[in-house]
Amino acid sequence: MTNIRNIDGPELSHRHYEKGREWAVADQQWWWVQEYRKVLLAELTLEYSRTEGVTKAKELARSDKRFRDHLEAMKVALENRNLAKVEYEECQYEIKRRLNKAFIRNREHAAGSLQT
């Protein structure tokens, strides 16, 4: 992976845009698996409640392999969301660092010009 400080301005801007899109997609996927967790749990509870009492149906639903698999998918989605956010914020930080550096250079240049 290329060091972000070695990337020129237009490429950094493009990377910032792409990482923002990746973060948006990962965030949407995270939202979806969170919402679907409730739906899946309700469906499994209903399925088990046909033969079991409500309390037992809830226990069976939570221990069902389909629910455990979904929890694993939630873990992956959260990790992807967090990684995408970190990559986006890394680009954002580098852009701000460069702007601040340019601002300081311009201020020092202007101050030097005024003293001459």
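Laboratory data are not the source of any read-out in this text; all were calculated from the coordinates shown. Keep in mind the model is a prediction, meaning the values are calculated, not measured. Note that each Cβ is placed from the backbone with ideal geometry, even for glycine, and that neighbours are counted across all protein chains shown.
Around ASP64, what is the net charge, scoring Lys/Arg as +1 and Asp/Glu as -1 over all other residues with Cβ under 15 Å from its Cβ? Display every interim value, and only then the final one.
On the way: positive: ARG37, LYS38, ARG50, LYS56, LYS58, ARG62, LYS65, ARG66, ARG68; negative: GLU43, GLU47, GLU52, GLU59, ASP69, GLU72.
Around ASP64, the surrounding residues sum to +3.
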Theoretical ellipticity at 222 nm over the chain - DSSP helices of four or more residues, -39500 (n - 2.57) apiece, nearest 500: -32000 deg cm²/dmol
Protection proxy ranking of 103-110, 40-47 - average other beta-carbon atoms within 10 Å, highest first: 40-47, 103-110
Inter-label distance for LEU78 and HIS109, nm, one decimal - labels placed 7 Å from Cα along Cα-to-Cβ: 4.8 nm
Distance between modelled label sites at LYS101 and ILE7, nm, 7 Å Cα→Cβ extension: 1.5 nm
Long-range lysine pairs (8 or more apart or interchain), the chain, Cα under 20 Å: 10
